[in-house]
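The values are calculated or read from the model by the stated rules, or taken from the named source; none is laboratory data. All of these numbers come straight from a predicted model, not from anything done at the bench. FYI the Cβ positions are ideal-geometry reconstructions off the backbone, even for glycines, and counts take in every protein chain you see.
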Amino acid sequence: MKLLGKYVDKGMQGNVTLMPEESEDMWHAYNLIAEGDSVRSTTIRKVQNETATGSSTSSRVRTTLTIAVESIDFDTQACVLRLKGRNIEENPYVKMGAYHTLDLELNRKFELRKPEWDTIALERIEMACDPTQSADVAAVVMQEGLAHVCLITASMTLVRSKIEVSIPRKRKGNVQQHEKGLAKFYEQVMQSILRHVNFDVVKCVLIASPGFVRDQFYDYMFQQAVKLDYKLLLENKSRFMLVHASSGFKHSLKEVLQDPAVIAKMSDTKAAGEVKALEQFYMMLQCEPAKAFYGKKHVLRAAEAQSIETLLISDNLFRCQDVNLRKEYVNLVESVRDAGGEVKIFSSMHISGEQLAQLTGIAALLRFPMPELEDSDDDDDEDGAAGGDNSDSD
Amino acid sequence: MSRHRIVRGMDYNDEYDGYDDVYGHSVDDDCVSPTDQQWLYDRARGQQSMSAFISKNKNIEEEAEAEDDDDEAYQKARRDSESFQMPELDEMEQAKLSSCVDEVRSVVGDAVSERRIVETSMRFDYNIQQILDEILNDETNKKEKEKELEKRPQKLKITAPKTALITTTPKPTPTKITLAAQKDARRGFDIASPKAPASPVVSGRNTPVDGGDEATRSSAINASFKISKDQAQRNAQQLYSLERSTQKSHIHMIVIGHVDAGKSTLMGHLLYDTGNVSQRVMHKHEQESKKLGKQSFMYAWVLDETGEERARGITMDVGQSRIETATKIVTLLDAPGHKDFIPNMISGATQADVALLVVDATRGEFESGFELGGQTREHAILVRSLGVNQLGVVINKLDTVGWSEERFQEIVHKLKAFLKQAGFKESDVSFTPCSGLTGENLTKRAQEPALKSWYSGSHLLDVIEHFKVPERAIDRPLRMSVSDIYKGTGSGFCISGRIETGVLCLNDKVLVGASREQAQVKALTMDELTQTSVFAGDQISVTLAGVDINNITVGCIICDPQLPIPVTTRFQCRIIVFNVKVPITMGYPVLLHHQSLIEPAVVCKLTASIHKSTGEVVKKKPRCLGNNSCALVEVETSRPICIERYSDFKELGRVMLRVAGVTIAAGMVTKIR
């Protein structure tokens, strides 16, 4: 992302002009833009003209529109951001108040105006514009009959394709069907790598599996590459890396990102850091349960006592519709920082972020044990539990 | 035979009004034999209340009383532990006693009252081994009694379909509910499971067929799938006795143990010795393995058939073969021992009735397999949680330690304590010394003088011979779990798996998987022999017609169209947490193993942590679950799966949760949403 202009006044009101350069920037934009903001960008609009005689002609015009955002839609697979809202600026083609849907495009600048810029949003811009953070890794997690081809960028894990082939079991005197099924499966995975992995961007390709599937696949792939002359694969042979994972399901990526060899290769990507932080939280919960808490109520209480050392928070909490709720979370982050704590904002597109989002989205490691938190909540938690039960049982 | 003639003469279409012809028929009054009649409760004959009826009937009364007694005893035991005063002893005795009690507690848990432990310890003069034996044996006796009691009403039920055949106007209440309402037999863990409400078995939420109550739903299904009269009115027990009474009983045995314990070699040698592998094939294996410089693998090659397995010298998938003993047909399932292939082993173990645990007697090898993280431990716990309760332990490779009795006893001692903790009854565990490579003590009694000098017990084949055949649930609705899908010879495709409950016959209509697609059985084979009907416990392959191969996945369940299996994405289960590195919190991603199915799932709610033995709620909504805790949790899968409550179908109500290649919890389904 390129920052083209930033005018934020003391009251934290103002606008920012940005230019997304790669698909990941769309994710950042998605996290930046909230309902109620106004966005100005060039777009294509179909305009209908009615002549005096009554015949109508329609034409497509490229024009610049400013809309007040009413709904935001992010397509994770295509990395496209769609913003729907009413036109709020005079335009020769579009009436005031008319609805339009803006498709943000790569390499086209857009201007974002917010009634109030908070630190989280400003940080997000900084992070998005930091060029050093782009270390793309492709990962294939597989087991017999199941494979996920994923692309891990700084703040997103995208499942590019999921391959599911049912492979017949080996049975007495009928091993061929098993081996044929396996070959078909490997072929599909290889084709998927060829199609989805862009070796210009991707630094390394991790192949992870339990048992010997990865070795078998690796051998198969390069045999085929030699046989069929896939230059792309042969040239990039050194970028492939074999790692252990316990299964072919998506959340095994977590194990992959914890592998020391992978950490060394990926050095400081956000994905690996997040996995590590979450792991630390779980370890703390095991060893000293009074120093690790999750859930908004507990964490807010701990923050009041200024005891939070590390705050883990999922970015989907900041994307909520409710302005006040967002403000609450922003204040929490700021108060933790003021108290000298560390704040880790997890991307909900990563595996670890997904897990954190399931774990209420917010967790904290404390400086000192606060066992009273655990005891005190029983009675007031009951209400929440009862409420939750009601909604669940429907 | 006169009864049957009446049936044949009947005009079925007149009688048939959809719903009434469902699986179970109620017993009607006018057609029950007089001897049966006195045991049957019937409101129409002036037996106004169930309780009055029960008090009039001696047999049933006895059961009720016994259960009450049991309850009372239990209550007393509980009260005991609360208000039990330690006997007065001198200091030395006191210390001995308390350490003894602690030791016993660590094995039996809190299930046994303090008084019992203290009394027993004093009786046996603080000999821990004896005390444990006494207490555990007593426990098992109690359970046996319970089981006995549970069987009784089942007998009553079995007579029902027989009589139903001649009924002219069957009542719409299915009789099989009686069983569901009974207390479930406690296999697996010893946790008091909740009494199942006397509701129909089918309680699926996300079923494609809507309609609130049971009646409308099954009539809706009936309307859409015209199943044959035959299938609807089949008498499972009769069919079973007709087909199987002359045959040997069938049993499935899984061979488990740490990697390189010699499971495949042992089985290969056993197959060779029992004449299931020809001389010629064996010779071929010998030559080929010699060529690779791995002659010790020649027996393992009998079961390890893929090139990959042979080249690496480890089993990767469950190998299957069968042997016949004097009274049994045994299907051997050779499980992989390597940690990465435990998913395969689990899918094999779900099909097994009994297990053979192979341990390596070599110094250092046994220890590495047995310590934390070794597969000896994990496998034993896994099969136990999957409902296997008979275990034969084979101390293998004893030739490498010179057939030392000392070593044998050392291993037996260590394993005994562990297996007891894992929940195996001592009477159901046997220990056999042998050598898979030399074939010592496999099918013939000990020949080796060094072994003969101290061992005169049974050989391995004998041990297998003496496994008890578990009871098969033949009269329950059909459930079959799919473990493999492949292209068969001829048209269509085959699925193979095990019939968990019920009966499956040629040309039956069945429902497949979570999508509940209808299919028809075109062929049935068991051990490469064509069959017309197969029964619970059989390992079979089925050729299906009318369903797309892409809609069947490994792990899906095939079920009866009239009493289909519930389909859900969210269910509640009671889990026991094993040794975990990090605690389980809500939102914890796990792999759910259910039969052969492996599905990613999320623990989405920790409802309550409960006491391990009493089942009382210790804490509502705990923050996390640590080691060896027991809890009620809710699990959500991304795709709908077929699952049953443990109280309805034990076989299909068990789940395993695994994370990063480690089994973190085992559980049973208590509620389906």
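Looking at B:G369, is it part of a helix (DSSP H, G or I) and within 12 Å of chain A (Cβ to nearest Cβ)? Taking the combined requirement at face value, the residue does not satisfy it. For first residues located in the stretch B:340-352 and facing another protein chain (nearest Cβ under 9 Å) and touching a residue at least 60 places away in the same chain (Cβ under 8 Å), partners that are aromatic (F, W, Y) and outside any helix (DSSP H, G or I) and lie 6+ apart or on another chain with Cβ distances below 9 Å form the pairs B:D340/A:F212.
Being more than 14 Å from chain B (Cβ to nearest Cβ) and within 11 Å of A:T119 (Cβ to Cβ) is a property that A:N324 lacks.
Would the stretch B:213-234 turn up any residue that is of a type in the set (A, V, I, L, M), modelled with pLDDT of 75 or more and out of contact with any strand residue (DSSP E or B) (no Cβ under 6 Å at 6 or more places or on another chain)? Checked against the condition, which is being of a type in the set (A, V, I, L, M), modelled with pLDDT of 75 or more and out of contact with any strand residue (DSSP E or B) (no Cβ under 6 Å at 6 or more places or on another chain), the stretch B:213-234 yields no hits at all.
Residues considered: A:L158, A:L151, A:L194, A:L206. Of these, the only one that is touching a residue at least 60 places away in the same chain (Cβ under 8 Å) and surrounded by fewer than 22 Cβ atoms within 10 Å (Cβ to Cβ) is A:L158. Among the residues of the stretch B:640-660, some residue qualifies, meaning at least one is closer than 26 Å to A:H244 by Cα, within 11 Å of another protein chain (Cβ to nearest Cβ) and aliphatic (A, V, I, L, M).
For the stretch B:264-307, filtering for residues that are of a type outside the set (G, A, S), surrounded by fewer than 21 Cβ atoms within 10 Å (Cβ to Cβ) and within 13 Å of chain A (Cβ to nearest Cβ) leaves 6.
So is B:T663 closer than 28 Å to A:I167 by Cβ and under 21 Å from the mean Cα position of the chain (by Cα) or not? Yes, satisfied.
What about B:G546, is it within 14 Å of chain A (Cβ to nearest Cβ) and at positive phi? Judged against the criteria, B:G546 is not a match. Looking only at residues of the stretch B:488-505 that are over 20 Å from B:L597 (Cα atoms) and modelled with pLDDT under 85, we find that the one that is surrounded by the fewest Cβ atoms within 10 Å (Cβ to Cβ) is B:T489. Against the condition of a type in the set (A, V, I, L, M), in a strand (DSSP E or B), more than 12 Å from every other protein chain (Cβ to nearest Cβ) and under 28 Å from A:C79 (Cα atoms), how does A:M190 come out, does it pass? In short, no.
The single condition among (1) more than 30 Å from A:E334 (Cβ to Cβ); (2) modelled with pLDDT of 85 or more that A:L83 does not satisfy is (1). In the stretch B:604-632, the residues that are within 8 Å of chain A (Cβ to nearest Cβ) reach residues that are charged (D, E, K, R) and not in a loop (DSSP other than H, G, I, E, B) with C-beta atoms within less than 7 angstrom, at least six apart or across chains, in these pairs: B:C604/B:E634; B:C604/B:E636; B:K605/B:E634; B:K621/A:D381; B:R623/A:E374.
Rundown of residues vs (1) modelled with pLDDT under 90; (2) on the phi > 0 side of the Ramachandran plot; (3) not hydrophobic (A, V, I, L, M, F, W, C), yes/no style:
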{"position": "A:Y329", "(1), (2), (3)": "yes, no, yes"}
{"position": "A:E334", "(1), (2), (3)": "yes, no, yes"}
{"position": "A:G340", "(1), (2), (3)": "yes, yes, yes"}
{"position": "A:V343", "(1), (2), (3)": "yes, no, no"}
{"position": "A:R367", "(1), (2), (3)": "yes, no, yes"}
{"position": "A:D380", "(1), (2), (3)": "yes, no, yes"}
{"position": "A:G388", "(1), (2), (3)": "yes, no, yes"}
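Residues that are among the polar types (S, T, N, Q) and in contact (Cβ under 8 Å) with a residue 60 or more places away in the chain were ranked within the stretch A:219-258; the one that is nearest to A:M156 (Cα to Cα) is A:S252. Every condition in (1) within 13 Å of another protein chain (Cβ to nearest Cβ); (2) surrounded by 22 or more Cβ atoms within 10 Å (Cβ to Cβ) holds for B:R570 except the one numbered (2). Of all residues in the stretch A:259-285, those satisfying the criterion of being within 14 Å of chain B (Cβ to nearest Cβ) and either modelled with pLDDT under 80 or over 22 Å from A:S209 (Cα atoms) (or both) are A:A277, A:L278, A:Q280, A:F281, A:Y282, A:M283, A:M284, A:L285. For A:G181, the stated conditions hold: it is part of a helix (DSSP H, G or I) and within 14 Å of chain B (Cβ to nearest Cβ). Checked against the criterion of being within 22 Å of the chain's Cα centre (by Cα), under 30 Å from B:M656 (Cβ atoms), away from every other protein chain (no Cβ under 14 Å) and charged (D, E, K, R), the candidates B:E500, B:E517 yield just one match: B:E500. When B:L592 is tested against the conditions (1) under 21 Å from B:S347 (Cα atoms); (2) of a type outside the set (F, W, Y); (3) more than 9 Å from every other protein chain (Cβ to nearest Cβ); (4) in contact with a helix residue (DSSP H, G or I) (Cβ under 9 Å, 6 or more places away or on another chain), the lone failure is (4).
Of A:Q280, A:Q216, which residue is touching a residue at least 24 places away in the same chain (Cβ under 8 Å) and either in a loop (DSSP other than H, G, I, E, B) or within 23 Å of A:S161 (Cα to Cα) (or both)?
It is A:Q216.
Evaluate the stretch B:324-339: report whether one residue or more is buried (at least 24 other Cβ atoms within 10 Å of the Cβ), part of a helix (DSSP H, G or I) and touching a strand residue (DSSP E or B) at 6+ places or on another chain (Cβ under 8 Å). Scanning the stretch B:324-339, I find no residue that is buried (at least 24 other Cβ atoms within 10 Å of the Cβ), part of a helix (DSSP H, G or I) and touching a strand residue (DSSP E or B) at 6+ places or on another chain (Cβ under 8 Å), so the answer is no. Checking the condition away from chain B (no Cβ under 14 Å) and under 26 Å from B:K621 (Cα atoms), which residue from A:I308, A:I351, A:I362, A:I345 passes? Just a single option satisfies the conditions, and that option is A:I308.
From the list B:I576, B:I565, the one residue that fits, being within 22 Å of B:A422 (Cα to Cα), out of contact with any helix residue (DSSP H, G or I) (no Cβ under 6 Å at 6 or more places or on another chain) and away from chain A (no Cβ under 13 Å), is B:I576.
Taking the stretch B:352-363 as the range and being surrounded by 24 or more Cβ atoms within 10 Å (Cβ to Cβ) and under 16 Å from the mean Cα position of the chain (by Cα) as the test, the residues that pass are B:A352, B:A355, B:L356. With the structure loaded, tell me whether A:I207 is on the phi < 0 side of the Ramachandran plot, of a type outside the set (D, E, K, R) and in a strand (DSSP E or B) or whether it fails that test. Here the answer is yes, as A:I207 does meet what is asked.
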